[in-house]
Amino acid sequence: MKRRSFLKTAGAVTLGTNLLGGVPLRAFSPYQLVPVVNDQNERILIVIQLFGGNDGLNTIVPVEDDRYYAIRPGIGVKKEDAVQVLGRVHMHPALDPANVYNMRRMLEDGRLAVVQNVGYENPNLSHFRSTDIWLSGFNSSDPNDRLIDGWLGRYFSRTLNDFPTVLPDHPLAVQVGGTLSMLFQSPKGDIGIALTDPDKFFELGQGLSPDLAPMSEDSRYGREFNFVRLVAEQSDRYSTVVKEAFDRGRNTISYANNGFVKQLQLVARLISGGLKSKMYMVYMGGFDTHVQQQADDNTGLHPFLLQSLSTGVGQFMEDMLNQGHAEKIVGLTASEFGRRPEENGSRGTDHGAASVQFVFGPRVSSGVFGSSPNLDNLDGNGDVRHQNDFRRIYADVLETWFGGSPDDTEAVFGERILPLGVLQQTTSIDDAYRGAGGVSVTAFPNPSTGSMTLSWNQQVPANVTVDVWTMDGRHAETLHRGWHSVGDQRIVISPGQSGTYLCSVRMLGTRSVVPITVTR
């Protein structure tokens, strides 16, 4: 199709979505974006979507809980079969495939975090609605609430200067396979591209830079015409830079012959070739394990998927370590829900609620976040209760990895969320004392029948904010804001209601958190 014909055809679109080389075209005109993303910041996020609902209880196995074996007599992983790591973590043996760098070794090497009991309040057990909740970052099961854009799309549309009027030289986000995920859609337009084959993507996008000048945006047609013109230019430009990066890139290891693993192999090659995209998304389905989840010898569909996950992540990180790119990479898994604790009558499990997620990379605070699931205290539906709101991991990504502010986090999620602390605090957004805000906070008396005293030693002067959060990481109230000098600090706080909370002391871009209990 000639460029003029393309523009005439696409410019007439008013509803729906068309695709050009995996780039979704939408019939609205996004413009007028604001603030700041540092183009020199090479930090990369890898999102791995595990569709179907991964069974967390058979991923990180609660081998010390007799209740686990009572409700899973057929598919429970025996204690002697589970792989013990760091003395207290028991992984499914499929996460420790032989002869490859894998997730067991990554945890031992300090490059993997296990986050237990991740979910959200009032869980929705529909695959599609719950997936939309996870991708959008909005917790709403109301079908009248349309979830149409993603938390990463909203963040970058908020913080990137002049996008999409001025396009970045490289696509902000790349999804491997399929059409572009909601994750990379924003109120101002899509921030990424979807591709499977860089050569095919290049062929489809090549030569589409428009030869027609932009129109006045005084009319709806003019605004839509300019948007479609922009997408054509984007397709041409990005097809070239993706192909060039792919041709320059290389892999230093022989990857397993597995579809999911090959996705990560492609991501590694694009990073190696110099593509400056900040986000990549890969996908693995099959986790809806209602029937024949696994056999007595720990083989079957779910073990195969876990082995693929561990092999792919391990080989990808080994490749990036070999090429010197690992330090700029953080990755996370996202699955829409877990499985029912009790096995069904078909050697499988049905839709559940909270589950385990992984965060990986050299800049991860490696270890286990959260406690083992309490199988004696399930919710009213018989599912594992969530301990950590899933957005706590996202808030960590926005604030700690991409350098966003608490205001950015609140704007993206519509409420304040406490970062989990799974990423190492290495940046400061509001001062010159990089990382100097980390302090050790104590609360006394704790528990308290009313007020309590927070104490810490401060090495540099700073503004200090004290907040109280629910135990799953949602904001409850702000108790103190003020300037504090160097030395020992003491302030008296009085949370408004009885309960157990997380209390954070924030200064210089870092937070220190202490659990507190108030009984009135």
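The values are calculated or read from the model by the stated rules, or taken from the named source; none is laboratory data. It should be emphasised that the depicted structure is a prediction, and the values quoted were computed from it without experimental measurement. We place every Cβ from the backbone using ideal geometry, glycine too, and count neighbours over all the protein chains shown.
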Regarding A353, is this residue surrounded by fewer than 24 Cβ atoms within 10 Å (Cβ to Cβ) and in contact with a Leu (Cβ under 9 Å, 6 or more places away or on another chain)? no
Among the residues of region 320-371, write down those that are without any contact (Cβ under 8 Å) to a residue 12 or more places away in the chain and within 18 Å of T289 (Cβ to Cβ). G345
Listed residues G286, G259, G273; which is surrounded by fewer than 20 Cβ atoms within 10 Å (Cβ to Cβ) and on the phi > 0 side of the Ramachandran plot? G286
Return the total of residues in region 56-83 being in contact with a helix residue (DSSP H, G or I) (Cβ under 6 Å, 6 or more places away or on another chain) and within 30 Å of F184 (Cα to Cα). 0
When (1) more than 29 Å from the chain's Cα centre (by Cα); (2) modelled with pLDDT of 65 or more are applied to I253, the one that fails is (1)
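I need a count of the residues in region 444-458 that are surrounded by 14 or more Cβ atoms within 10 Å (Cβ to Cβ), under 34 Å from the mean Cα position of the chain (by Cα) and over 10 Å from C503 (Cα atoms).
Kept after step one, since they are surrounded by 14 or more Cβ atoms within 10 Å (Cβ to Cβ), are these residues of region 444-458: 446, 448, 452-456, 458.
With under 34 Å from the mean Cα position of the chain (by Cα) added as a condition, the list becomes 446, 454-456, 458.
Add one more test, that the residue is over 10 Å from C503 (Cα atoms), and what stays is 446, 455-456, 458.
Summing the residues that are surrounded by 14 or more Cβ atoms within 10 Å (Cβ to Cβ), under 34 Å from the mean Cα position of the chain (by Cα) and over 10 Å from C503 (Cα atoms) in region 444-458 gives 4.
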Condition first: among the acidic types (D, E) and crowded, with 17+ Cβ neighbours inside 10 Å. Now tell me which residues in region 465-517 satisfy that. D467, D472
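Yes/no per residue for (1) out of contact with any helix residue (DSSP H, G or I) (no Cβ under 8 Å at 6 or more places or on another chain); (2) farther than 20 Å from V282 by Cα; (3) modelled with pLDDT of 95 or more:
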position	(1), (2), (3)
T311	no, no, yes
L321	yes, no, yes
V330	no, no, yes
R340	yes, yes, yes
R347	yes, yes, yes
Q357	no, no, yes
L375	no, yes, yes
So V460, is it at pLDDT below 95 and within 17 Å of G509 (Cβ to Cβ): yes
Look at region 275-317 and say how many of its residues are more than 19 Å from the chain's Cα centre (by Cα) and either in a helix (DSSP H, G or I) or closer than 27 Å to P341 by Cα (or both). 23
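Working carefully through the options V176, V242, find the one that is of a type in the set (A, V, I, L, M), under 30 Å from L57 (Cα atoms) and at pLDDT 90 or above. Walk me through how you get there before you give the answer.
Numbers: V242 fails: under 30 Å from L57 (Cα atoms).
None of the other options fit; the residue is V176.
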From (1) farther than 29 Å from G370 by Cβ; (2) assigned to a loop (DSSP other than H, G, I, E, B), pick out the condition that doesn't hold for S140. (1)
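Could you list all residues from region 156-173 that are among the aliphatic types (A, V, I, L, M) and at pLDDT below 90? Break it down into steps so the answer makes sense when it comes.
Just the residues of region 156-173 that are among the aliphatic types (A, V, I, L, M), to begin with: 160, 166-167, 172-173.
Answer for region 156-173, where residues must be among the aliphatic types (A, V, I, L, M) and at pLDDT below 90: L160, V166, L167.
Do the conditions hold for D162, that is, is it among the charged types (D, E, K, R), closer than 19 Å to Y238 by Cβ and surrounded by fewer than 16 Cβ atoms within 10 Å (Cβ to Cβ)? So that I can check it myself, show each step before the final result.
On the way: among the charged types (D, E, K, R): yes; closer than 19 Å to Y238 by Cβ: yes; surrounded by fewer than 16 Cβ atoms within 10 Å (Cβ to Cβ): yes.
The answer is yes for D162.
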How about region 32-115: which strands (runs of 3 or more DSSP E) wholly inside it have at least 3 residues that are among the hydrophobic types (A, V, I, L, M, F, W, C) and modelled with pLDDT of 95 or more? 44-50
For the list (1) over 17 Å from S366 (Cα atoms); (2) more than 25 Å from the chain's Cα centre (by Cα), I need the number of the one condition that Q84 fails. (1)
